[in-house]
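Worksheet for the structure shown next.
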Amino acid sequence: MRKMLFAFSIALTFSINQTCKREEAVIEEFAEIEKPLEYIEMTAAELEDKIRGGLLAQIIGNLNGLPHEFEYFAEPGAVEEYTPALPQGARTDDDTDLEWVYITEMQKSGEVFIPPERISELWKTHINRSIWCANAYARKMMDLGIDPPLTGKIALNPWSVFNISGQFICESFGLIAPAMPQTASMIGTHFTHVTIDGEPAQATQLFTTMIATAFIESDIDTILDAGLEAIDPASTHYELVNQVRTWHRENPADWRATRLKIKEKYARFGDRDGKETRDGNGYELNSASTIASLLYGGGDLAQTLRIAFNLGWDADNNAATSATIVGVIKGLAWIESQGWDIKDLYRNTTRDHMPEDETITGFGHRLVEVARTVILTNRGEEITVGGETGYRIKVQRPANVEPYPEPLDRLPVLIEQLAPEIESGLSGSEQDKARAAYFAICLGQAERLRSERPAEWKQALKALNGYPALVKMMFDAPKHTGEQISVRASAAGLKKPG
């Protein structure tokens with residue numbers, strides 16, 4: 001059973017790649033749309049400065065933004081003065097520490113596209129607490145023996161259709177693919193598909209592309225243009241980016257006016273105040289706020305962060321993403337020259353069996369090492385630049401590497417692909433039975449199986465009840481998008497655990 005599920009997980013990893021190939025093969029597939037070849041030369045020191053600048057800015061945005069997370073809904077915040085600082089150093093938080101787990105594994109293994117089954121192993125070993133929404137749901141699916149990207153499919157994970165996880169677990173993948181936006185998007189979606197699909201995957205491509213582009217462009221509008229090229233014109237994100245840019249042009253000195261327009265258009269539930277989880281934790285308000293932060297920040301890091309805090313909703317995530325882009329542009333040396341109180345620590349408070357002595361510098365070293373692998377794999381080379389060690393990097397033009405799925409939930413494909421797993425699983429191990437029952441409920445196959453194979457179906461439901469944390473999450477699925485799974489669970493005979 002596991003081999004069949006593993007093979008299917010690989011098959012779904014990319015909509016344009018039908019197998020989970022090694023980096024060389026994945027990148028080669030896009031060679032035809034990258035003509036003529038164009039290269040840039042950059043010293044290793046300059047590259048490192050930008051990677052480390054992006055990382056430090058991301059961490060500052062994340063941790064300085066936490067006091068503002070989910071604090072401002074109906075009205076914006078009122079932060080007037082702000083100086084970036086980390087006087088106690090940094091600590092792990094889900095905006096950076098899931099990427100830390102992945103980057104550490106890439107550094108150790110030399111493999112950038114970590115296979116789905118190994119990703120599940122990493123989660124079970126390291127990622128067991130301080131996760132929420134789509135991430136928490138995916139983690140419980142892994143206990144059932146379900147590997148990525150199935151853990152992020154909309155039909156199977158009721159959070160994945162809207163969750164901001166497509167944004168806040170993507171920044172490192174832009175940092176390791178300098179000037180290579182297509183590669184950044186492919187790496188990013190490979191990992192964010194662990195928990196999301198659909199529109200949030202467009203967010204991944206938007207923001208990884210913008211980060212990768214910031215290595216060679218400093219103009220925010222030019223970087224936004226690149227981001228637009230990376231997303232499907234049929235997606236909400238394409239409209240959203242253009243809409244926020246229009247509002248900024250109409251109110252160039254009034255971010256509050258744009259914030260009001262964002263709320264009026266994209267706060268869809270909870271009396272339009274954004275307090276509903278579907279809104280506050282969703283991609284619409286938060287992607288729009290991130291774009292607005294960059295536009296009104298004007299390339300100033302502290303101002304970009306202050307705006308991100310005040311715009312509200314999932315403010316720490318939006319601050320982290322926008323700051324990463326500005327941090328790449330500015331570089332670490334510039335940040336250090338500001339005299340901000342920043343201590344070089346990255347305390348592990350959340351991730352089991354990960355290093356306890358990490359520093360921001362150490363995290364940065366991992367990113368630099370993996371970036372070297374990505375550059376060389378992508379037909380770059382190590383050279384001497386002005387007498388210094390450097391790189392010749394093959395520049396990619398931005399492109400949408402994963403179109404918006406049709407249908408959004410990919411239900412016909414999932415039913416076809418998982419049918420053998422469901423049928424055979426009913427007579428398999430306890431875990432096989434539980435997994436078969438879960439798939440059948442999610443895919444609308446439960447009534448048929450209860451009618452055709454009543455005794456086995458009863459045993460499968462009993463096996464699924466042996467995973468009470470996941471069953472409870474099925475009944476607690478988010479309002480407005482997840483009700484179907486709870487209705488189907490109840491109709492199938494499951495009871496919500498007490």
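Some points to look at:
- Which of Arg453, Arg245 has the fewest Cβ neighbours within 10 Å, and the rest in rising order: Arg453, Arg245
- Qualifying lysines (Cα of each under 29 Å from Cα of Lys433; at least 8 residues distant if same chain): Lys3, Lys124, Lys140, Lys153, Lys458, Lys462, Lys472, Lys479, Lys495, Lys496
- Shown for His365, His237, His353: other C-beta atoms within 10 Å of each C-beta, ranked fewest to most, produce the order His353, His365, His237.
- Listed options for Cα extents along the principal axes in Å are (1) 67, 66, 40; (2) 72, 51, 43; (3) 72, 55, 39. The value calculated from this structure is the one marked (2).
- The long axis of helix 283-297 is offset from the longest Cα principal axis of the chain by roughly 0 degrees.
- Relative contact order of segment 411-492, pairs being alpha-carbon contacts under 8 Å that are 6 or more residues apart, as %: 27
- Surrounding net charge for Trp457, when Lys and Arg each add one and Asp and Glu each subtract one, Cβ distance under 13 Å: +2
- Distance between the 7 Å Cα→Cβ label points at Arg118 and Thr83: 4.5 nm.
- Cα centroid separation - segment 459-494 against segment 49-109, whole Å: 34
- Residues of type lysines that Lys50 reaches as a straight line, Cα spacing below 27 Å, ignoring anything fewer than 8 places off in the same chain: Lys35, Lys108, Lys330, Lys343, Lys394
- Acute angle (nearest 10 degrees) that the helix 360-377 long axis makes with the longest principal axis of the chain, alpha-carbon atoms: 80
- Couplings for segment 104-112, taken from phi via the Karplus curve 6.51 cos²θ - 1.76 cosθ + 1.60 with θ = phi - 60°, read 4, 5, 4, 4, 6, 8, x, 10, 7 Hz in order; Gly and Pro are left as x.
- For segment 66-166, projected area of the alpha-carbon convex hull averaged over all directions, nm²: 8.9
- Ranking of Glu69, Glu406, Glu423 by count of other Cβ atoms within 10 Å, fewest first: Glu406, Glu423, Glu69
- Inter-centroid distance (Cα atoms) of segment 312-363 relative to segment 271-297, Å: 22
- The chain - mean residue ellipticity at 222 nm from DSSP helices (-39,500 (n - 2.57) per run, n ≥ 4, rounded to 500): -17000 deg cm²/dmol
- If you take the Cα centroid of segment 159-184 and the Cα centroid of segment 366-444, the two points sit 12 Å apart.
- Each other residue within a Cβ distance under 13 Å of Lys140 adds +1 if Lys or Arg and -1 if Asp or Glu, for a net charge of +3.
Bear in mind that the values in this text are calculations on the coordinates, not laboratory data. Given the structure is predicted, the values throughout are model-derived calculations rather than measurements. Glycine gets a Cβ as well: all are built from the backbone with ideal geometry, and neighbour counts include every protein chain shown.
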